1. For region 138-209, with the dipole built from +1 on Lys and Arg beta-carbon atoms and -1 on Asp and Glu ones, taken about the Cα centre, which of SER148, ALA164, ALA179 lies farthest toward the positive end?
2. FRET efficiency for ASP288 and VAL260, Cβ-Cβ distance as r, R0 = 25 Å, nearest 0.05?
3. Please state the equivalent ellipsoid semi-axes for the chain: what are the square roots of 5 times the Cα gyration tensor eigenvalues, largest first, in whole Å?
4. Using alpha carbon centroids, what distance separates region 1-64 and region 167-183, in Å?
5. Can you pull the accessible area of ASP111 for me, 1.4 Å probe, Å² to the nearest 10?
6. Just TYR207, TYR29, TYR167 to compare: in a GNM of the chain, with alpha carbon springs under 10 Å, which one fluctuates most?
7. For the chain, what is the mean residue ellipticity at 222 nm derived from helices alone (per DSSP H run of n ≥ 4: -39500 (n - 2.57); sum divided by total residues; nearest 500 deg cm²/dmol)?
8. With every protein chain in place, what's the accessible area of TRP88 (1.4 Å probe, Å², nearest 10)?
Amino acid sequence: MTHAWNDSNLPDLTGRRVIVTGGNSGLGYQTALRLAERGAQVTIAVRSQPKGEAALADIRAACPAADLRLAALDLADLSSVRAFAAGWDGPLDVLVNNAGVMAVPRALTVDGFERQLGTNHLGHFALTGLLLPALLAASAARVVTVSSLAALGGRMAFDDLDGARSYRPWRAYCQSKLANLLFTVELGRRLQASAASVLAVAAHPGYAATNLQATSAQAKAGVRRALEGTAMALGNLIIAQPAAAGALPSLYAATATGVVGGGFYGPQGPFGTRGAPGAAKLPSRAKDAAVAQQLWEISQQRTGVAYAELAAARA
């Protein structure tokens, strides 16, 4: 009988160095906890120092032997991304691009990007590129970018990426999650073309109950806030799986054997909302090579991060 993959299948990770963005809560916290339990040295990269310190204390209480680091990282500020990357020393085995914002009112990042695209995609694009030398210096490193089932409804509005002419919170969120997949596919192609040992993969948590939903609802006003908050509360109660289960696809993508570059991993249950992790189907729009390359070029221009180590693979 074949047993479903779960956190008991995680290998010994002693000596492996891992970064988890947004590791102070929700999926990121659960990912950091499980990797630390298996012996990895885990750096939790967070925007809020107090929340990061609280997360470290909780992980240490659950796993006293955990090898943990805390570092400041605001993905909505490229100067913070650059400072974080400049402070990293030595090889990096696993980068989990987990942090994000969901369906918030329109706002701009420090660098003038629409907040959801800027945080969920462009910040992680820059971070990954700046850490690429550290990833290439490791043996069989992986980049895991956390997307969402919302990517199914996404499309890249290249004529209005920042929603200056027309903005809808959920549409912008879907676009940012599709961007995560397009980034993963294109990065995987470029890594393979350059014969690099790094794997770029994506994961989604299905429908997981995390604080991301609450933050989204709280950002709204009046009746809309009440309606969205009620809908999410009911969804969390009836459909959602806990954050610990939602983190399993990220853990699978980061550690399991058989994971392939450019792959997408998520729950295997009904409609991909819950269940044990395994291979997920990429949305058709995430397979569009021309769109992926266009997004890559725009992302390079906007962030100023050129992925010079993969320059030979651009053609």
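The values are calculated or read from the model by the stated rules, or taken from the named source; none is laboratory data. Nothing here was measured: the structure is a model prediction, and the numbers come from that model. For neighbour counting, all protein chains shown are included, and Cβ atoms are generated from backbone atoms with ideal geometry for every residue, glycine included. Note: accessible area is taken over every heavy atom of the protein model, side chains too, but ligands, DNA and RNA are not part of it. Shrake-Rupley method; radii C 1.70, N 1.55, O 1.52, S 1.80 Å.
1. With unit charges placed on the Cβ atoms, the residue in question is SER148.
2. It comes out at approximately 0.85.
3. Equivalent ellipsoid of the chain: 25, 24, 20 Å, largest first.
4. Taking the Cα centre of region 167-183 as reference, the centre of region 1-64 is 26 Å away.
5. 70
6. Largest GNM mean-square fluctuation: TYR167.
7. Mean residue ellipticity at 222 nm (helix-derived): -12500 deg cm²/dmol.
8. Only protein atoms counted, so the area is about 40 Å².
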